[in-house]
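To keep things clear, I will list the structure first and then write my remarks on it.
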Amino acid sequence: MYWSTSEPAIRMDQIANVMAVNRFSLIKRYLQFNNNLSVPNLNDRYWKIRPVLDILHKAFHDCASPSEHVSIDEMMIPFKGKSHLKQYIQSKPKKWGFKIWVQANSNGYVNCFEPYQASTVNRTKYGPIGDSDLNLCHALHGKNHKLFMDNLFTSLAVIRQLRSFDIWVIGTMRINRVLQIQSSLVPGKQLQRGSCIIATSKDNITVVRWMDKREVHMISSYAGAELIYEIVRYDKKEKN
């Protein structure tokens, strides 16, 4: 059925859709998931939607089947509206949104997640990010998983604690977090491009310094370094 006017024809189902959108907007405006009159946890910045997050967390775990190799990283839920929880990360494809810590399989399935809450959460000796690492791995204990992390998440204390749970770590690292290893590594200024230096602690934590355009550091509780093959890299000075 169409309106018989001089204006472009408007179908009745389109009008119904507009009414549905308006009604949805009204419902969304007043939608609540927690009681605003009683704040359950002052340290939880996501307390207003915590019941929904708990349901999602349980659903993810019920469907999870962690592979041998898992990783921890950050991801963004795109959002440009008004919220004090919104973050801006310039390096991300979606720069504005809510930052989430994620533990995922090598195929991309998210096994566990935790919203980023800055410094409001009570800290332990592992720090806020270290605590998040341990929380994300709570379902992996005793199963010999191999965990990959970048230098934001790696620290000696966290790696040793994860190893006590039979979770083995490999990842990039910030050398200033392991200052006591500096004396065991040849300074980067003395290394040619492509050189690799290895140091291992008495409890078998291995640190690798590889010289590319600049120093790259890796740390692992189960893997060492072995030169297997050569790679081709562009030399800016030689222009080849």
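Some points to look at:
- Identity of the residue in the range 201-217, under 16 Å from S183 (Cα atoms) and in contact (Cβ under 8 Å) with a residue 24 or more places away in the chain, that ends up surrounded by the fewest Cβ atoms within 10 Å (Cβ to Cβ): E215
- For the residues S164, S221, S195, the requirement of being under 30 Å from L136 (Cα atoms), polar (S, T, N, Q) and touching a Lys or Arg at 6+ places or on another chain (Cβ under 9 Å) singles out S221.
- Only strands (runs of 3 or more DSSP E) whose full extent lies in the range 76-189 are considered here, and the ones with at least 2 residues that are within 21 Å of F60 (Cα to Cα) and of a type in the set (A, V, I, L, M) are 96-105, 145-149.
- Considering residues of the range 92-125 that are of a type in the set (G, A, S), within 19 Å of R45 (Cβ to Cβ) and within 15 Å of the chain's Cα centre (by Cα) only, the residue most open to solvent (accessible area, probe 1.4 Å): A118
- Residue check, Q190 free of Cβ contacts under 8 Å to residues at least 12 places away in the same chain and either out of contact with any Lys or Arg (no Cβ under 7 Å at 6 or more places or on another chain) or crowded, with 19+ Cβ neighbours inside 10 Å (or both): yes
- When the range 126-185 is limited to residues that are in contact with a Pro (Cβ under 8 Å, 6 or more places away or on another chain) and of a type outside the set (D, E, K, R), the one that is most open to solvent (accessible area, probe 1.4 Å) turns out to be A139.
- The single condition among (1) surrounded by fewer than 16 Cβ atoms within 10 Å (Cβ to Cβ); (2) in contact with a strand residue (DSSP E or B) (Cβ under 9 Å, 6 or more places away or on another chain) that K236 does not satisfy is (2).
- Odd one out for E215, checked against (1) under 21 Å from G130 (Cα atoms); (2) touching a helix residue (DSSP H, G or I) at 6+ places or on another chain (Cβ under 9 Å): (1)
- Meets criteria (within 14 Å of the chain's Cα centre (by Cα), open to solvent by less than 50 Å² (accessible area, probe 1.4 Å), within 18 Å of C137 (Cβ to Cβ) and aliphatic (A, V, I, L, M)) for I89: no
- The set of residues in the range 51-88 being of a type in the set (G, A, S) and within 14 Å of N105 (Cβ to Cβ) consists of A64, S65, S67, S71.
- Residue list for the range 59-68, restricted to those being closer than 25 Å to V169 by Cα and of a type outside the set (D, E): F60, H61, C63, A64, S65, P66, S67
The values are calculated or read from the model by the stated rules, or taken from the named source; none is laboratory data. All values reported here derive from a predicted model rather than from experimental measurement. Positions of Cβ are backbone-derived with ideal geometry, glycine not excepted, and every protein chain shown enters the neighbour counts. Each accessible area value is taken on the protein alone, full model and side chains, heavy atoms only, with ligands, DNA and RNA left out. Shrake-Rupley method; radii C 1.70, N 1.55, O 1.52, S 1.80 Å.
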